[in-house]
């Protein structure tokens, strides 16, 4: 069930009404309803993978208790590794087996041997990377004595399977979400209205910007041999806005939906394309994943405490793992490696925490220096996205070669140029709204709040109309595949 | 909670009312205007799918308008015919592309599957009545619901553009079709590497009853309005083999299509480079064929007693004179 589908448009109001009216504020009933609707939501993709989700939930629930109850460090460690091993094992089989088998076979064939490792005909269970990381953070936090295990299975299951975040995050922490699940929730008017507004903005980003940019990004990337360098640059730009609006749009809908049920999820995006350096970009892009890697990989590896070489090594490790987390393809690994390279100067010169505040705070425009930094950071990001989007490394390299050729100075041309101009105009308008709202949680969080109500409604209607007008076929969210 | 519910309901109800009024008034206005009015010179129109869309270059055929559209089923042709003929009384002759593939059961999807609905519904929903909606609803209710909001918005957008631009004639934005200038030329590669046919034979040989029903309705509508109607088949490459249902195609004309006259140009001779693929002409082929078709109309084809014989003779003449012409051209060069 996609957030941008008719099914969800029916599902959400039904669950909302039952949640606030039928349960009469009873926390037990509310959590049971949330769990049932989350499982229904997940089963709409493929009910068979429900078993995997339930097994993963049971595993972490049980090992969490066992770790907490263990009398000695050795037993604690046993239960921790059991959970980590099985969780990563599932992820490895479903997501990475075919990749490793193919890479192994390629490696052997280079040495003149033949591999008999066949590929598995399996589909990737939707959301597996996300709920696996949920579970892992939970058991690791118990092991580190940051939290106590949750004894109530229903409450714990809601933490893992809460439908707004089940398939593409944000990757929640037990320390943040579990207390909200355990606390009595009462309807809050302004929270609900704010949630609806965030859903609306998320839908706009996904349907109007991402899906339309996707059309052109796909055309250009899929036929890159036929286009000039300038068209390929445009293709990379289209993809950059597609992936941002697709994923941050999803996160907005997830956060807004959760707010309708009185739950606040972790913020996942904070206007990353206005970043002044790569370190800032990574503090603003897919925040829940970056902070997960920081807390559960970078710091356990020693973080920045062991001197500059340790810092460099650990940075490369988390970016390579982060790339690999996105998918079993060398293109993602190279994308991670590139980002690690980009961030190196600020790691070496210790400037990675220079830009902690939002750019041009309290001002209309950035300074020239800030603008220059934003453009450079954005360009580096766009360049890295080429690897992320390309079908394979050869494709990415030929794409980049064509960009850096004389055809870069030819006027861009591809099918649907007239529509593309409209989309470019809309994207520019979108960037403007994002710039105006960059100090808020999401771009339209405070836009029109103080306006005369009918005017504010006109703004909402305009957004709805544009969503309907530019709506195409239901498109899956990119991050569902991860 | 009460405040939230009341405000949300008011917001939605007001939205629906506003959309309803705008759609209703917009459609009224454009229907009164010349939204569907073709040039007064248009005496002949052709409806059909991509075959006729690519074959008939209407700028080369006198008083002729091509309103074919890729992937169009007869269900939509029927809606289009009703509207176009009612707004264009000057049209006296309608050609309808009648090919083997459109009759296949698998082409029912052109009416209601998720790929085609979002393209067709925005254009055709103002022309659809209850029974038309019911037909699609029974086949793909989810798809219809999904594309309906977009259709309404597209319709409003088009109406606005049309009214604001103060156009007088036919609205090309209506996307009713037109000649498609096809550039591709992949005939040789298709002959050398024929694609693997993936459609199951069983479905392929079944006939689409919906399409036949609506083709029959279109023919009946034309006849009722004293408009001559001809079924027509555009040129196909000699290597095109996807014509297993040929006997059925012929039989249906007698049994269900009111014994309509069938003008068959399947064997019109063209070079490989004049085909886009085995069943579509590219712009080069369309130029040759449209000039030929124009000549036949000038030679009063439509009033001949044995039209197919006349067509075959003219094709034969052309294939005899073509080598001579080529020889003359070579000598000159």
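Numbers below:
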read-out: Packing-based ranking, highest mean first, of B:234-245, B:72-83, A:455-466 given that Cβ atoms within 10 Å are counted; value: B:72-83, B:234-245, A:455-466
read-out: Spin-label model distance (nm) - residue A:369 vs residue B:291, 7 Å beyond Cα toward Cβ; value: 7.1 nm
read-out: Packing rank of B:117-128, B:221-232, where each peptide gets the mean count of other beta carbons within 10 Å, highest leading; value: B:117-128, B:221-232
read-out: Modelled FRET efficiency - R0 35 Å, residue B:90 with residue B:25, Cβ distances, 0.05 increments; value: 0.75
read-out: Estimated FRET transfer efficiency when R0 is 45 angstrom, pair residue A:47-residue A:406 (beta carbons, to 0.05); value: 0.25
read-out: Which of A:81, A:282 has the fewest Cβ neighbours within 10 Å, and the rest in rising order; value: A:81, A:282
read-out: Relative contact order (%) - criterion: Cα under 8 Å, at least six apart; region: chain A; value: 18 percent
read-out: Ranked packing of A:416-426, A:11-21, B:102-112, most packed first, by mean Cβ within 10 Å; value: B:102-112, A:11-21, A:416-426
read-out: Gyration tensor verdict on the protein assembly as shown (Cα atoms; rounded if a/c is under 1.5, prolate if a/b is larger than b/c, oblate otherwise); value: prolate
read-out: Cα-based shape type of the range A:125-221, given that a ≥ b ≥ c are square roots of the gyration tensor eigenvalues and the cut on a/c is 1.5; value: oblate
read-out: The range A:130-171 and the range B:208-259: distance between their alpha carbon centers, rounded to Å; value: 63 Å
read-out: Other protein chain Cβ atoms within 10 Å, averaged over every residue that makes up B:145-154; value: 5
read-out: Exercise: per-residue mean of other protein chain Cβ atoms within 10 Å, A:463-471; value: 5
read-out: Prolate/oblate/rounded call for the range A:203-307, Cα gyration tensor, a/c under 1.5 rounded; value: oblate
read-out: Sites residue A:88 and residue B:250 - FRET efficiency at Förster radius 60 Å, r taken between beta-carbons, to 0.05; value: 0.40
read-out: Relative contact order computed over the range A:242-306 (Cα-Cα under 8 Å; 6+ residues apart), in percent; value: 21 percent
read-out: Taking B:264, B:188 and counting other C-beta atoms within 10 Å, the order from fewest to most; value: B:188, B:264
read-out: For B:3-14, mean number of other protein chain Cβ atoms within 10 Å; value: 3
read-out: Span from the the range B:73-88 Cα centroid across to the the range A:366-407 one, whole angstrom; value: 50 Å
read-out: Sorted by Cβ neighbour density within 10 Å, fewest at the top, the residues A:2, A:80; value: A:2, A:80
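Coordinate-derived values only; no laboratory data. It should be emphasised that the depicted structure is a prediction, and the values quoted were computed from it without experimental measurement. Cβ: placed from backbone, ideal geometry, glycine included. Neighbour counts: every protein chain shown.
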